[in-house]
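The values are calculated or read from the model by the stated rules, or taken from the named source; none is laboratory data. Keep in mind that this is a model prediction, so the values were computed, not measured. Cβ placement follows ideal geometry from the backbone for every residue including glycine, while neighbour counts extend to all protein chains displayed.
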Amino acid sequence: MGEIIVKHFKRENASSEGKELITEIVVDTSDTGRFLQRMEESRLTRPCFQTIDMRGRVAGACRRYAFNDRVHYLDDISFQMFERGLRDNNGVYTVGTFEAIMGGAHTLQAQLHAREEADRRREEIEQRRLERAQAAARARSGDGDDEDAAGRELSAALVENPELLPLGYFRKRTHPRLQYACSVVVERGNLRASGMTRDISVCGIRVHIKGLTAFKVGQDVKASFRGLLSDNERVQKEHIAYRIVKIELREAETALCLRREEMDKPAGFSELIETLVEQNQRKYKLDVEDNTNRYSVGCTSAATRRAPPKYLFL
């Protein structure tokens, strides 16, 4: 029981006829506290006749349940709480069970309040930390004699843990990327997997392989292109050195992001890719944002939303 204040009439003693109005801070061990606890327990154990509909209140799916000629819509957690309430109260659906389910921690509203409370606590901690940093900076500056030093101290404290992250534009790629599909074999020692490229540039490729793979991030691999268009057949297109920088697991396939380690080897391969991108950039889809080498966090260009990607299948 939290601290509550009540006003009520009380006799001066057991034999007194008169009563006086008093204000009492109720504690658990007082007569009033024990009386309120008994009243609350009596209220929570009363039979409840309200239906429970958790649709839209919880993240999980709700199913239809019938109990005492009333239909309830409960998710799995609510159903478990309902059954526990029946066991604890000898098969009676009580007010306490109803309130526990409707205001439980599994509801979306309770989770939202918990996140807001956590955010509020973090803001308070950050505000106190900032105030301490400001006070320390003023103390080091000698009561305001050296304002520049105080400003530097405060700036250092702010940079250490900024309130807002400066999300903006930054360079994404040096070379343009073409959404281009051709068969490729990725191998490392005895490990070998066939896949299909989804995009290609001078500095790297993205390969999709069916199923799972034993490749790991950071491994050096060799890629052999089996369907790469080229007018110069003398350029080596097999066993090109790449490094795996990212692996994405999908339901039926695995995506490998590969980066070239030696841009000048084999001879002529970089020029071959540059020519391929230049010849097909109007026919097939370039990454629109690569034209400016700029990228905005959380934004998608209109051209990307407007047209689906085109691939060259070989």
- [ ] Could you grab the pairs with beta carbons closer than 6 Å, sequence gap of 6+ or different chains, first residue in segment 188-213 and more than 27 Å from residue 176 (Cβ to Cβ) and free of Cβ contacts under 8 Å to residues at least 40 places away in the same chain, second one of a type in the set (Gly, Ala, Ser) and in a loop (DSSP other than H, G, I, E, B)?
- [x] 191/214
- [ ] Restrict the check to segment 89-96 and report whether at least one residue is surrounded by 11 or more Cβ atoms within 10 Å (Cβ to Cβ), hydrophobic (A, V, I, L, M, F, W, C) and at pLDDT 85 or above.
- [x] yes
TODO: Working carefully through the options 207, 202, 235, find the one that is of a type outside the set (D, E, K, R) and over 16 Å from residue 257 (Cβ atoms).
DONE: 235
Task: Boolean, residue 85 is in the same structural domain as residue 43 (by TED's automatic domain parsing), in contact with a Leu (Cβ under 6 Å, 6 or more places away or on another chain) and assigned to a helix (DSSP H, G or I) - done: no
- [ ] Tell me which residues, restricted to segment 34-61, are part of a loop (DSSP other than H, G, I, E, B) and either within 24 Å of the chain's Cα centre (by Cα) or farther than 16 Å from residue 76 by Cβ (or both).
- [x] 45, 46, 48, 49, 50, 51, 55, 56, 57, 59, 60, 61
Open item on the list: Which count do you get for residues in segment 209-254 that are acidic (Asp, Glu), part of a strand (DSSP E or B) and closer than 23 Å to residue 269 by Cα?
Closed with: 1
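Could you grab me the full set of residues in segment 251-260 that are among the charged types (D, E, K, R) and surrounded by 12 or more Cβ atoms within 10 Å (Cβ to Cβ)?
253, 259, 260 - these are the residues of segment 251-260 that are among the charged types (D, E, K, R) and surrounded by 12 or more Cβ atoms within 10 Å (Cβ to Cβ).
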Task: All positions within segment 88-107 that are in contact (Cβ under 8 Å) with a residue 40 or more places away in the chain, in a loop (DSSP other than H, G, I, E, B) and among the aliphatic types (A, V, I, L, M) - done: 92
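Within segment 101-141, which residues are loosely packed, with under 13 Cβ neighbours inside 10 Å and over 30 Å from residue 59 (Cα atoms)?
Hits for segment 101-141 are 125, 127, 128, 131, 132, 135, 139, 140.
Residue 71 - would you say it is in contact with a Ser or Thr (Cβ under 8 Å, 6 or more places away or on another chain) and either loosely packed, with under 13 Cβ neighbours inside 10 Å or outside the structural domain of residue 96 (by TED's automatic domain parsing) (or both)?
yes
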Open item on the list: For segment 61-81, which positions are under 23 Å from residue 112 (Cβ atoms) and touching a residue at least 24 places away in the same chain (Cβ under 8 Å)?
Closed with: 74, 75, 77, 78
Open item on the list: List pairs: first residue in segment 29-48 and free of Cβ contacts under 8 Å to residues at least 40 places away in the same chain, second residue part of a loop (DSSP other than H, G, I, E, B) anywhere in the structure, Cβ distance under 7 angstrom, at least six positions apart or on different chains.
Closed with: 33/1; 33/27; 37/1
